[in-house]
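Report on the structure given below.
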Amino acid sequence: MPSERPSGLTPVTRHERPNPFAALRQRDFRLIWSSEMLHLWGTEMENLVLAWFILSDTGSPLQVGLIGATRFGGTLLAPLYGAVVDRFDRRKVQIFARSVSALLAAVLMTLVLTDLFVAWHAFAIVGLSSLVRMLGIVVNQALSADAVPASQINNAMGLNRATTDLARIIGSLMGGGLMSALGLGPAYVGVVALYVAATLAATLVSRRAAPLPEPPLHTAPGAGTSRGYYSQIAEGVSYVRGHSLLVGLLFFAFLIEFTAFPLVNELMTVMGDKLFGTNENGVGVMRATASGGALLGALVTGAYPGIANPGRLLVITVVAWHLLTLPLAFHVSFGMVLPLLFVWGIFAGASFVALMVALLKAAPVQLRGRVMGLRVLAIYGLPLGLLMGGWLAEEFGVRTMIRVHGVLGLGLALAAVAIWPALWKGDRSAEDHSRPE
């Protein structure tokens with residue numbers, strides 16, 4: 001692999017003080033980060049608005065879980081998207097993903113403004129947008145790592161996660177406020193405007209952020225190195241299977257999507273309505289509070305130039321995250337649950353950063369897209385968790401739903417450490433394959 005630093009990156013000193021915003025010194029990363037922030041603002045507004053519309057229209061928590069699950073319909077294509085991201089100019093791929101998202105949102109906005117919008121339109125448009133949404137997730141993660149020096153990858157991932165949580169705070173409050181004050185139509189105009197702005201920001205990223213030419217990585221006898229997509233995907237899968245640390249990390253990616261993230265997505269709408277009797281503004285405050293904690297957790301975790309054992313940090317934060325899930329099922333007031341959600345969110349943000357740093361450090365540069373594609377495949381845990389949670393809430397009550405998610409997550413996390421000890425001990429055979437400075 002090349003040892004020289006790619007052009008266009010601002011040099012970093014060896015002994016920098018912890019700085020949660022260090023990666024923003026890189027011009028391309030600033031633009032990538034801005035595009036992702038604007039896009040996520042729109043996404044969070046859209047998620048809350050549609051979840052509240054479906055709950056109001058149908059009265060069914062299961063339908064709320066189903067609309068959330070529909071957003072991940074394109075997850076099955078994530079390995080193919082990973083191969084696409086490793087083959088083509090990542091800048092152009094991101095522009096394409098952003099443009100299609102804006103177009104689909106504009107179609108839904110038009111249906112709303114012309115009074116033709118009904119519930120099945122939401123499921124249809126969300127299903128179509130899920131195909132390009134997954135591509136956007138894969139390319140953003142790989143492109144962000146390309147745009148910074150190796151020592152700033154954890155900082156870039158911390159900022160990316162902080163962007164997600166900041167977007168959830170702003171998007172939730174904006175979406176709830178606009179829908180409550182002005183209705184569904186103006187709220188969707190805001191969504192489209194944010195998607196268009198995100199596309200424009202993506203067009204300003206320079207070609208320097210595209211992947212560097214790399215020689216084929218021979219992972220195992222029979223693993224393809226031709227230009228075919230199947231061979232590229234097989235090469236990535238073969239590499240991951242040969243490193244227990246990567247297998248364990250991908251399992252953790254599925255675990256947190258299945259048991260923890262559903263509670264801060266559509267199921268928080270159900271919690272706010274059934275446990276606290278709050279409206280869309282109250283749900284927005286709940287989501288914003290949890291996201292505020294996650295923002296802090298991500299920034300603090302990403303502030304340090306290096307994390308010696310991100311796998312161990314991941315285990316600790318995920319266990320703490322699920323332990324803090326259980327008190328949410330207690331009979332507490334709305335005012336009391338907000339501080340709990342904030343602390344809950346801190347461990348959520350730290351967990352995400354630890355996961356992404358561990359994956360990117362263990363993945364060679366030329367396989368980043370494919371490893372991230374497999375990581376995105378783990379997002380299938382979220383729709384499964386949403387459906388399970390919606391069913392549990394409908395059949396047994398919201399408190400039972402929360403307890404099941406918390407206990408199941410704890411059990412699976414501890415079992416994973418027993419099966420893949422490299423999660424706790426580390427794995428030198430897959431240690432820091434990120435680009436040298």
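The values are calculated or read from the model by the stated rules, or taken from the named source; none is laboratory data. Just so we're clear, the structure is a prediction, and the values are computed from it rather than from any experiment. In this analysis, Cβ positions are derived from the backbone assuming ideal geometry, glycine residues included, and neighbour counts consider all displayed protein chains.
Taken together, the criteria exclude Gly397 from residues that are under 15 Å from Leu263 (Cα atoms), modelled with pLDDT under 90, surrounded by 23 or more Cβ atoms within 10 Å (Cβ to Cβ) and not aliphatic (A, V, I, L, M). The one condition from (1) surrounded by 19 or more Cβ atoms within 10 Å (Cβ to Cβ); (2) at positive phi that Gly277 does not meet is (1). Would it be correct to say that Leu212 is at pLDDT 80 or above and either buried (at least 17 other Cβ atoms within 10 Å of the Cβ) or within 28 Å of Phe352 (Cα to Cα) (or both)? Answer is no for this residue. For the range 68-85, filtered to residues that are among the small types (Gly, Ala, Ser) and within 16 Å of the chain's Cα centre (by Cα), the residue that is surrounded by the fewest Cβ atoms within 10 Å (Cβ to Cβ) is Gly73.
Condition check ((1) surrounded by 24 or more Cβ atoms within 10 Å (Cβ to Cβ); (2) over 20 Å from the mean Cα position of the chain (by Cα); (3) among the small types (Gly, Ala, Ser); (4) over 19 Å from Val398 (Cβ atoms)) across all residues:
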residue: Val285; (1), (2), (3), (4): no, yes, no, no
residue: Gly292; (1), (2), (3), (4): no, no, yes, yes
residue: Leu299; (1), (2), (3), (4): no, no, no, yes
residue: Asn309; (1), (2), (3), (4): no, yes, no, yes
residue: Ala329; (1), (2), (3), (4): no, yes, yes, no
residue: Val337; (1), (2), (3), (4): no, yes, no, no
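Do we have any residue at all in the range 342-357 that's farther than 23 Å from Lys425 by Cβ, part of a helix (DSSP H, G or I), β-branched (Val, Ile, Thr) and touching a Leu at 6+ places or on another chain (Cβ under 7 Å)? Yes, the range 342-357 has at least one match. Could you tell me whether Ala363 is at pLDDT below 80 and surrounded by 23 or more Cβ atoms within 10 Å (Cβ to Cβ)? For Ala363, the condition - at pLDDT below 80 and surrounded by 23 or more Cβ atoms within 10 Å (Cβ to Cβ) - is met.
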